[in-house]
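Q: One structure coming up, written as structure tokens, with questions to follow.
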Amino acid sequence: IRVETDFRYYRNLYKTNRLVLRFYAGVGYPYGNMKVLPYEKGFFAGGPNSVRAWRARTLGPGGSSQNQGFQFDRIGDNQIEANFEYRFLIYKIINGAFFLDAGNVFLRKADPLKPNGEFNFNTFYKNLGVGTGFGLRMDFSFFIIRLDAAFRLHDPALPEGEKWKADVKQTVVNFGIGYPF
């Protein structure tokens, strides 16, 4: 069973400027003889339409890190995400955007292979990945080509005391078709 909600708010500030806000949340629950969600039904964060400072499926779950010596796709049973974007005209068909993204995926219950990955109402906000950046859009009116560059402000996988650090050296560039939301 998978339930999602997506709230979007668009506010025109001037003729060519717009503030766009998005809140997304999803919950999945395996049923029957399943103990976990099927891979294709799991939630993931990162990538061109999510928290853009991480590549797709590299954020989360929760505050777990990949220091265990192996790589895995970081999927979860729950997801929370918020995006803020200020869009503006640069020249003719070229638009720009400043954005701030926050979110993560979480597990329904603790997993020893992914410590600190489960959702907890009292601490989930400490495990949100936060990134910011700038994007260029070419608006051909029938489709949009998008290039976003983002860097991390808060990395939940880092040790306590090192999580809030603007790391421009780890800038991620995402290519997309259409607006992210």
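Q: Out of everything in the range 94-117 that is basic (Lys, Arg) and surrounded by 14 or more Cβ atoms within 10 Å (Cβ to Cβ), what residue ends up being farthest from Leu13 (Cα to Cα)?
A: Lys114
Q: Search the range 155-168 for residues being of a type in the set (D, E, K, R) and under 13 Å from Gly131 (Cα atoms), and hand back the single one that is most open to solvent (accessible area, probe 1.4 Å).
A: My answer is Lys165.
Q: Checking the structure you have, find out if any residue of the range 15-24 is under 13 Å from Asn78 (Cβ atoms), assigned to a strand (DSSP E or B) and among the charged types (D, E, K, R).
A: There is no residue in the range 15-24 that is under 13 Å from Asn78 (Cβ atoms), assigned to a strand (DSSP E or B) and among the charged types (D, E, K, R).
Q: Filter the range 3-21 down to the residues that are open to solvent by 90 Å² or more (accessible area, probe 1.4 Å), modelled with pLDDT under 95 and not hydroxyl-bearing (Ser, Thr, Tyr) and list them by number.
A: Lys15
Q: Same structure again: Quick one: would you say Thr171 is among the hydroxyl-bearing types (Ser, Thr, Tyr), under 13 Å from the mean Cα position of the chain (by Cα) and surrounded by 12 or more Cβ atoms within 10 Å (Cβ to Cβ)?
A: No; evaluated as a whole, the condition is false for this residue.
Q: Now for a separate question. Working only within the range 34-46, note down all residues that are farther than 20 Å from Gly131 by Cβ and either open to solvent by 80 Å² or more (accessible area, probe 1.4 Å) or not aliphatic (A, V, I, L, M) (or both).
A: Matches in the range 34-46: Met34, Lys35, Val36, Pro38, Tyr39, Glu40, Lys41, Gly42.
Q: Just to check your reading of the model, which residue among Pro48, Pro30 is in contact with a Lys or Arg (Cβ under 9 Å, 6 or more places away or on another chain) and modelled with pLDDT of 90 or more?
A: Sole residue among the options that is in contact with a Lys or Arg (Cβ under 9 Å, 6 or more places away or on another chain) and modelled with pLDDT of 90 or more: Pro48.
Q: Another question, if that's okay. Assess whether Leu153 counts as being within 29 Å of Ser65 (Cβ to Cβ) and at pLDDT below 90.
A: no
Q: Could you pull out the residue among Tyr24, Tyr31, Tyr91 that is open to solvent by 50 Å² or more (accessible area, probe 1.4 Å), out of contact with any helix residue (DSSP H, G or I) (no Cβ under 7 Å at 6 or more places or on another chain) and in contact (Cβ under 8 Å) with a residue 12 or more places away in the chain?
A: Tyr31
Q: Are any residues in the range 136-148 open to solvent by 40 Å² or more (accessible area, probe 1.4 Å) and among the hydrophobic types (A, V, I, L, M, F, W, C), and if so, which ones?
A: Listed by number, the residues that qualify are Leu136, Met138, Phe140, Phe142, Phe143, Ile145, Leu147.
Q: Scan the range 72-83 and tell me whether some residue there is crowded, with 21+ Cβ neighbours inside 10 Å, closer than 21 Å to Asn12 by Cβ and at pLDDT 85 or above.
A: Within the range 72-83, one or more residues are crowded, with 21+ Cβ neighbours inside 10 Å, closer than 21 Å to Asn12 by Cβ and at pLDDT 85 or above.
Q: Considering only residues that are crowded, with 24+ Cβ neighbours inside 10 Å and of a type in the set (Gly, Ala, Ser), look in the range 47-63 and name the one that is nearest to the chain's Cα centre (by Cα).
A: So, considering only residues that are crowded, with 24+ Cβ neighbours inside 10 Å and of a type in the set (Gly, Ala, Ser), the one nearest to the chain's Cα centre (by Cα) is Ser50.
The values are calculated or read from the model by the stated rules, or taken from the named source; none is laboratory data. Model, not experiment: these values are computed from the prediction. FYI the Cβ positions are ideal-geometry reconstructions off the backbone, even for glycines, and counts take in every protein chain you see. For accessibility, only protein heavy atoms count, side chains too; no ligands or nucleic acids. Shrake-Rupley method; radii C 1.70, N 1.55, O 1.52, S 1.80 Å.
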